[in-house]
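Since the structure comes first, as structure tokens, the remarks are kept for the end.
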Amino acid sequence: MISIRPAQSNDLDFLVELVNHEDVQPFLGGRAARDRDAVAAEVERSQGDPTSYGRFVIEVDGARAGVMGFEVENRRSRIAHLERLAVHPDFRGQRVSDKAARLLQNHLVLELGYHRLQLEIYGFNERAQRHAERVGFRLEGVRRKAYWRHGEWTDGVLYALIRGDLGVPDAIALLHDYVMVHNECVRTGDWEPLPDWFAEDAELVFEGVPVGPFNGRDEIVAAYKSQPPDDEVLIFAADENGEEIVARYGWLNEPSKEAGRMLVTPRDGKIQKLIVTFEEV
């Protein structure tokens, strides 16, 4: 069984050994963390801001087998840059990286709500390029002679995958797109785009705070305009539960802390009912 999980401090010995392995290090980025302090800093950052930066350990039947990561490239447009995929030579030949890559894709797109995943591979790393194509990434271009590596200039080969390539359920896509627009409204103070995301007879319910409920699109939008939230929403996970989408959410100012749940009932591509809970997690 192949799985991925967030890296922890007790993974440091494995991670440092892996990124310095003679069969791994030549294919990693020239600025990749290699010493223990630098790798530890990456793990700590991953734990403190898990929706915008991640370091994951790949496991095969519970044994550490590799590492992979991502970093937000553009929060507003929901773009993540994938990086640092490395499988220990003892586990090569089993397509471990392919399964792990698809697990990471699902986590980033379905759960965290990224719209686009992109990566760049050294031109000499043909094995990594074949892997990218096997797991659904499309070649988008080449940055010619972009990097000085191993004593010569090498190309950077660009690949990307978008949400539509993964067949994300419409209801989950609706949730993530709504949160994107909500956050844009928070940043700009302009709430005019919000009505388009609610059905005319929509309901908005808050649980755990003495606000609302609000009934109907006009009343919902008026509530946001009169008492606008002062922080952007982060989604940690989203899943279908019958006709309802249940998401765990938090706030950008506290990126590692969950605040509660968002329960979305869609109808005809709009939000029919939105319940937002405020919980002590």
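The values are calculated or read from the model by the stated rules, or taken from the named source; none is laboratory data. Being a predicted model, the structure only gives us computed values, none of them experimental. Note that each Cβ is placed from the backbone with ideal geometry, even for glycine, and that neighbours are counted across all protein chains shown. Ligands, DNA and RNA are stripped out before the accessible areas are found, and what is left, the full protein with its side chains, is counted by its heavy atoms. Shrake-Rupley method; radii C 1.70, N 1.55, O 1.52, S 1.80 Å.
Of the helices (runs of 4 or more DSSP H) lying entirely inside segment 1-118, the ones with 1 or more residues being more than 22 Å from the chain's Cα centre (by Cα) are found at 12-19, 36-48. Only a single criterion out of (1) over 25 Å from Arg163 (Cα atoms); (2) in contact with an Asp or Glu (Cβ under 9 Å, 6 or more places away or on another chain) is not satisfied by Arg34, namely (2).
Selection over segment 138-164 of residues that are in contact (Cβ under 8 Å) with a residue 24 or more places away in the chain and either in a strand (DSSP E or B) or under 19 Å from Ala101 (Cα atoms) (or both) gives a count of 14. Checking every residue in segment 224-245 against the condition of being hydroxyl-bearing (Ser, Thr, Tyr) and more than 24 Å from the chain's Cα centre (by Cα) gives at least one match. Residues being open to solvent by less than 40 Å² (accessible area, probe 1.4 Å) and free of Cβ contacts under 8 Å to residues at least 24 places away in the same chain: count how many of those fall in segment 1-24. Total satisfying the criteria: 1.
Of note, Tyr159 satisfies the criterion of being within 21 Å of Leu117 (Cβ to Cβ), surrounded by 18 or more Cβ atoms within 10 Å (Cβ to Cβ) and among the aromatic types (Phe, Trp, Tyr). In segment 129-156, the residue that is surrounded by the fewest Cβ atoms within 10 Å (Cβ to Cβ) out of those that are within 21 Å of the chain's Cα centre (by Cα) and small (Gly, Ala, Ser) is Gly136. Could you tell me whether Asp165 is surrounded by fewer than 19 Cβ atoms within 10 Å (Cβ to Cβ) and within 30 Å of Gln227 (Cβ to Cβ)? Judged against the criteria, Asp165 is not a match.
Looking across segment 75-109, the residues that are of a type in the set (A, V, I, L, M), at pLDDT 95 or above and either farther than 25 Å from Asp239 by Cβ or crowded, with 20+ Cβ neighbours inside 10 Å (or both) come down to Ala80, Leu82, Ala100, Ala101, Leu104, Leu108, Val109.
Out of segment 256-276, which residues are surrounded by 16 or more Cβ atoms within 10 Å (Cβ to Cβ) and within 19 Å of Thr51 (Cβ to Cβ)? If the condition is that a residue be surrounded by 16 or more Cβ atoms within 10 Å (Cβ to Cβ) and within 19 Å of Thr51 (Cβ to Cβ), then Glu258, Ala259, Gly260, Arg261, Met262, Val264, Val276 are the ones that fit.
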